[in-house]
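Chemist: Got a structure here, written out as structure tokens. Questions coming.
The values are calculated or read from the model by the stated rules, or taken from the named source; none is laboratory data. Quick caveat: nothing in here was measured; it's all calculated off a predicted structure. Here the Cβ is made from the backbone with ideal geometry for all residues, glycine too, and neighbour counts use every protein chain on show. Areas reflect the complete protein model, heavy atoms only, side chains present, ligands, DNA and RNA absent. Shrake-Rupley method; radii C 1.70, N 1.55, O 1.52, S 1.80 Å.
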Amino acid sequence: MQVKIHQSWREVLQQEFDKPYFENLVAFVKNAYATTKVYPQGKNIFNAFNLCPFDKVKVVIIGQDPYHEEGQAQGLCFSVPDNIQIPPSLINIYKEINSDLGIPISQSGDLTRWALQGVLLLNATLTVQAHLAGSHQGKGWEEFTDNVIKLLSEKKEHLVFLLWGSYAIKKSSLIDRQKHLILTSPHPSPLSAYRGFFGNHHFSQCNNYLSQHAITPINW
């Protein structure tokens with residue numbers, strides 16, 4: 001199965017691409033793009049991987065689903081292009097960064113700058129039908145992204161996993177806590193941010209951990 005993905009990822013994921021479930025997933029996704037409106041654009045499905053090669057990953061942030069309205073999804077969890085209004089969850093992420101590290105709140109919702117520094121912005125499901133949140137769940141994407149998380153845990157050391165909300169926190173069972181730092185808190189959405197996302201200090205903790213292991217911290 002040929003997938004347009006960075007060569008560093010192809011080398012570790014080729015076994016996934018050759019599995020029957022992935023072939024079925026590709027068939028489903030191709031049909032969905034051919035018959036319905038799907039986000040992100042096809043060229044951006046693996047954007048998180050292409051902007052952040054396997055050997056460069058330092059931090060993993062796990063989201064659930066791509067944004068499902070016009071112009072928002074770009075293949076990076078929590079991120080939207082420059083000209084799009086910043087979503088409420090990302091505003092709250094910026095507020096916590098400001099409170100934690102004193103970094104001014106960004107006026108751009110585009111997190112490409114994080115990805116290029118080694119932050120893998122991974123949604124559990126990589127495609128979605130327009131206006132229908134969760135519409136491509138249960139089709140094989142979660143099996144694929146769970147195996148990505150397992151491979152990162154097995155093959156790398158001293159990664160930081162930022163798991164926000166119950167859905168992401170469940171992924172901690174895939175990660176070796178002896179080798180990596182797992183930071184968990186409520187989700188940054190307006191519904192739950194006040195229950196412990198604000199004040200979690202995840203961004204300073206992340207950078208302190210990276211520094212302790214002689215890894216360049218993230219400029220959040």
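Chemist: Restricting the search to the range 171-192, which residues are basic (K, R) and within 18 Å of L210 (Cβ to Cβ)? Before the answer, list the steps.
Modeler: To start, the set of residues in the range 171-192 that are basic (K, R) comprises 171, 177, 179.
Passing the criteria: R177, K179.
Chemist: A further question follows. Condition check: more than 23 Å from S185 (Cα to Cα), modelled with pLDDT of 95 or more, open to solvent by 40 Å² or more (accessible area, probe 1.4 Å) and not basic (K, R). Does L116 satisfy that?
Modeler: For L116, the condition - more than 23 Å from S185 (Cα to Cα), modelled with pLDDT of 95 or more, open to solvent by 40 Å² or more (accessible area, probe 1.4 Å) and not basic (K, R) - is met.
Chemist: Can you name the condition, by its number, that Y209 falls short on among (1) aromatic (F, W, Y); (2) under 21 Å from E154 (Cα atoms); (3) part of a loop (DSSP other than H, G, I, E, B)?
Modeler: Condition not satisfied by Y209: (3).
Chemist: Would you be able to say whether some residue in the range 153-163 is modelled with pLDDT of 95 or more, charged (D, E, K, R), within 19 Å of F49 (Cα to Cα) and part of a loop (DSSP other than H, G, I, E, B)?
Modeler: Residues of the range 153-163 that are modelled with pLDDT of 95 or more, as a first pass: 153-163.
With charged (D, E, K, R) added as a condition, the list becomes 154-157.
After this cut, where a residue has to be within 19 Å of F49 (Cα to Cα) as well, the list is 154-157.
Applying the additional criterion that residues be part of a loop (DSSP other than H, G, I, E, B) yields 156-157.
So far as the range 153-163 goes, yes, one or more of its residues are modelled with pLDDT of 95 or more, charged (D, E, K, R), within 19 Å of F49 (Cα to Cα) and part of a loop (DSSP other than H, G, I, E, B).
Chemist: A73: more than 27 Å from L159 (Cβ to Cβ), in contact (Cβ under 8 Å) with a residue 40 or more places away in the chain and open to solvent by less than 40 Å² (accessible area, probe 1.4 Å), yes or no? Break it down stepwise before answering.
Modeler: Numbers: more than 27 Å from L159 (Cβ to Cβ): no; in contact (Cβ under 8 Å) with a residue 40 or more places away in the chain: yes; open to solvent by less than 40 Å² (accessible area, probe 1.4 Å): yes.
Judged against the criteria, A73 is not a match.
Chemist: Right, another one. Considering the range 41-73 alone, what residues qualify as being aromatic (F, W, Y) and within 20 Å of G140 (Cβ to Cβ)?
Modeler: Of the range 41-73, the ones aromatic (F, W, Y) are 46, 49, 54, 67.
Across the range 41-73, the qualifying residues are F46, F49.
Chemist: I need the full set of residues from the range 26-76 which are farther than 16 Å from T125 by Cβ and in contact with a Lys or Arg (Cβ under 7 Å, 6 or more places away or on another chain), in order please.
Modeler: Matches in the range 26-76: V57 only.
Chemist: Sticking with this structure for a sec: Going by the conditions given, is H180 of a type outside the set (D, E), in contact with a helix residue (DSSP H, G or I) (Cβ under 8 Å, 6 or more places away or on another chain), farther than 19 Å from L101 by Cα and open to solvent by less than 20 Å² (accessible area, probe 1.4 Å)? Walk me through how you get there before you give the answer.
Modeler: Values: of a type outside the set (D, E): yes; in contact with a helix residue (DSSP H, G or I) (Cβ under 8 Å, 6 or more places away or on another chain): yes; farther than 19 Å from L101 by Cα: yes; open to solvent by less than 20 Å² (accessible area, probe 1.4 Å): yes.
Answer is yes for this residue.
Chemist: Same structure again: Restricting attention to the range 1-49, which residues are aromatic (F, W, Y) and part of a loop (DSSP other than H, G, I, E, B)? I'd like the intermediate steps shown before the answer.
Modeler: Narrowing the range 1-49 to residues aromatic (F, W, Y): 9, 17, 21-22, 28, 33, 39, 46, 49.
Passing the criteria: only F46.
Chemist: Follow-up. Is there a residue in the range 148-162 that is under 15 Å from the mean Cα position of the chain (by Cα) and open to solvent by 20 Å² or more (accessible area, probe 1.4 Å)?
Modeler: Yes: one or more hits.
Chemist: Can you report the number of residues in the range 83-98 which are at pLDDT 95 or above and either assigned to a loop (DSSP other than H, G, I, E, B) or surrounded by fewer than 16 Cβ atoms within 10 Å (Cβ to Cβ) (or both)? Talk me through it step by step, then tell me what you get.
Modeler: Just the residues of the range 83-98 that are at pLDDT 95 or above, to begin with: 84-98.
Pick out the ones that are also either assigned to a loop (DSSP other than H, G, I, E, B) or surrounded by fewer than 16 Cβ atoms within 10 Å (Cβ to Cβ) (or both) and you get 84-88, 95, 98.
Final tally of qualifying residues: 7.
Chemist: If you go through the range 127-142 one residue at a time, do you hit one that is surrounded by fewer than 22 Cβ atoms within 10 Å (Cβ to Cβ), among the acidic types (D, E), free of Cβ contacts under 8 Å to residues at least 40 places away in the same chain and not in a helix (DSSP H, G or I)?
Modeler: Looking for residues that are surrounded by fewer than 22 Cβ atoms within 10 Å (Cβ to Cβ), among the acidic types (D, E), free of Cβ contacts under 8 Å to residues at least 40 places away in the same chain and not in a helix (DSSP H, G or I), one finds none in the range 127-142, hence no.
Chemist: Counting only residues that are over 14 Å from I62 (Cβ atoms) and open to solvent by 60 Å² or more (accessible area, probe 1.4 Å), how many does the range 183-197 have?
Modeler: 4
Chemist: Output the number of the condition that S108 fails; it satisfies all remaining conditions of (1) in contact with a helix residue (DSSP H, G or I) (Cβ under 7 Å, 6 or more places away or on another chain); (2) under 20 Å from S79 (Cα atoms); (3) part of a loop (DSSP other than H, G, I, E, B).
Modeler: Answer for S108: the failing condition is (1).
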